[in-house]
Structures are given as C-alpha cells and as structure tokens.
Amino acid sequence: MSTARQNLLYGVTLLILLLVSIGVYLMGHNTPPAAHQDPTIAGAGNEATSQPPAFADINLKADSGRVAVIMFHNVVKERKVWFDCTIDEFKKDLDEIAADGFTVLSLDQLYNHLTKGDPVPPKSVVLTFDDNYQGFYDNALPLLRARKWPAAMFVHTAYVGSKTGYPKMTWDELKELHKEGLITIGAHTVTHPMNLKDLSLETQRKELEDSKKTIEEHLECEIPYMAYPDGSNDENTQAIAKDLGYKMSFTMEPTPAEGSPNILCVGRYEAKKFDKALQDQMDELDDVPIAVADIPLSKPAPVSCEAGEYDKTKLVLLRGGAAMSVLSSGRETVGDFVSENNAVAGINGTFFVMAAIASTDNRLIGPSRSEKPGDFMPDSDPFRLTKLVDRPMVLWGPTRFAVMPFQPGAMNQEQIFKSFMPDYTNAFLAGAWLVHDGVPRTEDEMRNYSSQDIQDTRKRVFFGVTKDGQFMCGASEGSITSETLAKAAAAAGVSEAVLLDSGFSASVVFDGQILVTGHSAIDNPSRPVPHAIVFLGDKGEKNIGDLKTVPAVLTPKSGAGGVDDEEQDRPVRHRRRHRRRSST
Ligand SMILES: [Zn+2]
C-alpha cells in the first residue's frame, strides 16, 4: 500500500471517528451515569460527616411500605448506549410487574404515601423516564397505555423537539401526554448539567427555575416534581428546589423510596437493576412483615412485678409505670439506674458498641434519644448503619409508643421523629422485633433484620407495650432463643415487643431487689451497662412466688472488674435470602 493511500485511509478513519464521536455526543444524553458507591454507605456517610439535610419530610408512617422507583431512559429497537432499554426488555419488565402482582403507582400516589403515610399495596412500583426521548412516545407509551399504567417523564427543556442524535418529544406531544393524564410530566433542568450540585447557586437556581416555568407555561399546570440530571444534588440544590416550589425530587441511589434521606432526594433504581429492585422488595415482604406500630399509651398503672410460666417458659415480668430510658456517661448496674432516678423498677437497655465489660464506651448501636440526658445521638459509624436496615426502631413519648423498621437514610436524624411524634422523649434501635400485633414472630421473620446470634440460647430480655397501652418488659429465668422469648412474651400479654441486650447484660430490678441477672447464680451481678429503662410511678403488686432475689448492687467506685466477657453484641451484616427469580 502506497504512503499516499495510507495517509488517505488514515484521514478518512479519523474523520469517521470524529463524526461518530460528535454523533454520540449529540445523542443528547450526556455521559452515562458514573458508577455509584453503595447507596446506603454514601447516604450514611453524608449524615455522619455533615449536618443533616435541611428537611426530612418523609413521614414515618410511610415505613409500612417499600416502593421501588425505576428509572428508564430511551426505549429503542436496538441498544446504542448502555442505558438504552430495548423494546423487548421493556416488555419483559412490564410482564414481570404483572406476573409478580405489583401495582404501578403514579407520582401523586407516591408523594401522598411518602409525605402523609397513605398506605400503598405491599408490592408497589413507580416507573420514571428521563430525558424526554421520542423513543418513549413511539415504543413505551403504547405498552403503558394498553395496561393503563401511569409513569413519569422528566423533561430537560432546552432539548424539547430536538432532532439531533436521539430525537426528543415535541411540546405538542408533551401536551398530549399531559392532557391524557397517564403520564406525569416533571422537570429535569434546562441544559441537563451533569454536575449540577457543583455549579454556582445562581446557576443551579436558574436551571431549576427556568425549566419549571417553561414546562408550566407550555402545559398550563403546576410542575411539582423533578429529577436531578445524573442524580447530582446536595443540601444546597435541595434547598433551592424546595424554595422554587418543588415538592418531590428524584436522585439515582438504588434504595426503596422510604429509605431516602428526604422527599427532595428520593432514590431510584436504574432500569438495569429492575430485577434487583423487585427482588429487594419481595425479600423484605417475605422475610419480615413491614409495619409501623403506633399504640396510644394509657395512664400508667402502678409498677407491678410477677414471675411465672408463659408458653412453657419461665419469665420475670414488669408491668405498668412510666418508662424512661437513661444513658449513662459510662457503665452502671441497673440498680444504679433505678436508685439514681428514684424509680420503682428497671431493666437493662439496648445493644451497645463495645461489649467488653471493662469498657467505658457508652455508644449505642443505631441512633437513640434517652429521656435522660435527652440528647438525640445519631449513629456516627456509616459502615455500621448500612447493616442496620429494617431493625426495629422504638420511640415513645407521654401518649404514644411506636415501632418501625429502621431506614438509615432518614432515621439517623432527629427531625423525622419529631415530625411523626412531636412530644417524643425516648428512642432506640432494638435487636429484633419479637412480637407484632400480639403475634410472636418466627425465627425466619426476625433473622434478617436483627442483631447477630438472636437464636443462641442465653438469658433474653424484651421491652414493649400491652394492647391497652401499658408498658411491659421482662427477662427469661433460663437461657432461651429469641424465638422462644417471642412466644413467651406474646403469651404473657405483650402486644408489641422488641429484644433488648441479653446474656450477661440481662438484669431486672424491682423494689431494690435483683430478680434476674445475666448469670446462673442470682448473687453474681450482671455486667454494668450504658443504657437502661427505668419505670417510674407507684409501686404495685409483687407476685414472684419462691423466686430467689438479692439486694440490688451498685457499681463499685473502683470499676466494674472483669468477671467475664463475651463478644456477642456486635452488629451484623444484613443478610438477605437470595432466591432466583423464575423469569431470569
Ligand atoms: Zn437525564
């Protein structure tokens, strides 16, 4: 081959490469979304290292649902970029939604669920499309219309009607969609900047404001919803969005919507993770009855104490009183907690970070607010937070007691608790949700959303309320599993109950006497703990038969002394059962 021919070939090749590059660039969508960090870790990191977002108006009542929001881009005959969805893939996704019995929600339904707690079917999904592609109109819309399934389209206004690269829908088509009502039109900025959050506040405002106004002018309606291009947003972007009147906005963190940090930062699953999104949801539905328990408390009865056998298990129970959680600056015995607070009775509290008996670290696992000293304490370990998903969060105030599955995105900050229960005074993350609505949970239902080793046999401690709104707690006299404890506690009459720290921490004190210790011998005191629940009020009946008791011990000034130790109370990896879906 001659040099001239080689040069010509080289030139032509370069030209083709250049044209292809321009073509890809002009296709309108920008760069594919960057690989994301584990969403829960990223979210948790934000909360751990910076101040919480300015608002968190996802309602805790929404925690009774798990909605997967799916993000699609173009729907095309043949894939050109990785985030394209082929018509066949889209059809398959829709078939799966129908076959698995999912309900497709509109954005309004999602918004009312997240902010007001409107109930949604257990299996619910939201379909969203970004970037206003003509492929949506031509290929996806007929399939959605046939099923009468709602969806959302997020429009970047500078590209409406563009015929460069992948063509975009026109204003006439968008008007048609809006009029028809099946598709909710939302904003997606003007020029689709991929690094929105890094732009000046002025530029961010202009992108968010102009796109909203332009769509509102064309469609003659309010546009309350938007999606950040490439998910790029931070507290500033959210504050601007809120200020401009956006009510809900979407990012690209793959989490159920209820696990989002706030309503202006709602997570979505990229369409390639469609199977995972549906699987996550079905796993949670199978493994644990997702629920929010919200029980009115009644006037406290006198604090009574009893020992007895419930479903063949010996328990020592406390009932009545006003329950108050107390966090020590170090470690104390339950006897200390009771006497310092002039309480009638007390029980050890929840799980803590350093189980070693000589430790003075008082950090609890998960966020908490103890009535004394009264501060909200977020869990500052972002890695641990990711492992606490769906463990039972307990909170109560003077008039209500509530339990719900923990969502690290929203619930590691106080605001969501305050908006749900403005007068709440106590909150902590428990080890397992033992009894719900009077029904004991099975090992299978508890296992994936609980602390490690809940099925090991040891002295077990629970805390909760009865159906008529009285506090009730107790401990087993012998070593049992959490499943056995759940059955016994339900048989004893508790309506909602969670697992407290157990084993060597187990300790029940009533009227100056120890009734249960973490050891087999009653005169061998339990290890001191950082957290306890004490019961205030009048002293009621004591009905403990021949149960042996000893005077409550107070912590020696010289320190706890290491009688024994156990490496039991570490938080654990959140395990899911993975089953193959028949359709994949
Ligand atoms: Zn986009």
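Here are the numbers:
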| read-out | value |
| --- | --- |
| Backbone HN-Hα couplings from phi across segment 61-75 [Karplus 6.51/-1.76/1.60, Hz, Gly and Pro as x] | 5, 5, 5, 7, x, 9, 9, 8, 9, 9, 10, 9, 10, 7, 10 |
| Restraint check, Lys61/Lys148; Lys467/Lys548; Lys77/Lys206; Lys77/Lys148; Lys80/Lys163; Lys247/Lys418, Cα-Cα greater than 24 Å | Lys61/Lys148; Lys467/Lys548; Lys77/Lys206 |
| Mean Cβ count within 10 Å, highest first, over the residues of peptides 444-457, 97-110, 119-132 | 119-132, 444-457, 97-110 |
| Relative exposure of Trp82, Trp149, Trp433, judged by other C-beta atoms within 10 Å (fewest first) | Trp82, Trp149, Trp433 |
| Theoretical gain in end-to-end length, Gln415 to Lys273 [0.36 nm per residue, Cα-Cα removed] | 48.0 nm |
| Tail weight of P(r) past 28 Å, computed on alpha-carbon pairs of segment 341-485, percent | 16 percent |
| Packing-based ranking, highest mean first, of 193-205, 322-334, 497-509 given that Cβ atoms within 10 Å are counted | 497-509, 322-334, 193-205 |
| 37 °C / 0.692 mPa s Stokes-Einstein diffusion coefficient of segment 84-159, Kirkwood radius on C-alpha pairs, µm²/s | 242 µm²/s |
| Placed amide H near Arg400: partners under 5 Å, 5+ positions off or other chain | Leu297 |
| q = 0.19, 0.22, 0.23 Å⁻¹: log10 I(q)/I(0) that the Debye formula gives for segment 297-398, counting C-alpha atoms only | -1.16, -1.31, -1.34 |
| Asn342-Asn524 pseudo-label distance in nm [points 7 Å out on the Cα-to-Cβ vector] | 3.7 nm |
| Derived scalar couplings ³J(HN,Hα) [segment 393-403; Karplus, 6.51 cos²θ - 1.76 cosθ + 1.60; whole Hz; x for Gly, Pro] | 9, 10, 9, 8, x, x, 10, 9, 10, 9, 9 |
| Amide H contacts of Tyr310 (H built 1.01 Å from N, under 5 Å, at least 5 apart or other chain) | Leu315 |
| Equivalent ellipsoid semi-axes, segment 39-287, via Cα gyration tensor eigenvalues times 5, rooted, Å | 25, 24, 16 |
| Mean shadow area of segment 293-547, taken as a quarter of the surface of its Cα convex hull (nm²) | 11.8 nm² |
| Charge-dipole axis of segment 293-547 as Lys and Arg at +1 and Asp and Glu at -1 on Cβ define it, positive-most pick from Ser368, Gly438, Gln452 | Ser368 |
| Inter-label distance for Ser298 and Thr442, nm, one decimal - labels placed 7 Å from Cα along Cα-to-Cβ | 3.3 nm |
| ³J(HN,Hα) computed for each position of segment 451-468 - Karplus, 6.51 cos²θ - 1.76 cosθ + 1.60, integer Hz, glycine/proline x | 6, 5, 6, 5, 9, 5, 8, 6, 5, 10, 10, 10, 9, x, 9, 8, 4, 8 |
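No lab work stands behind these numbers, since they all come straight from the coordinates. Keep in mind it's a predicted model, so treat the numbers as computed, not measured. Reconstructed Cβ throughout: ideal geometry from the backbone, glycine too, with neighbour counts over all protein chains shown.
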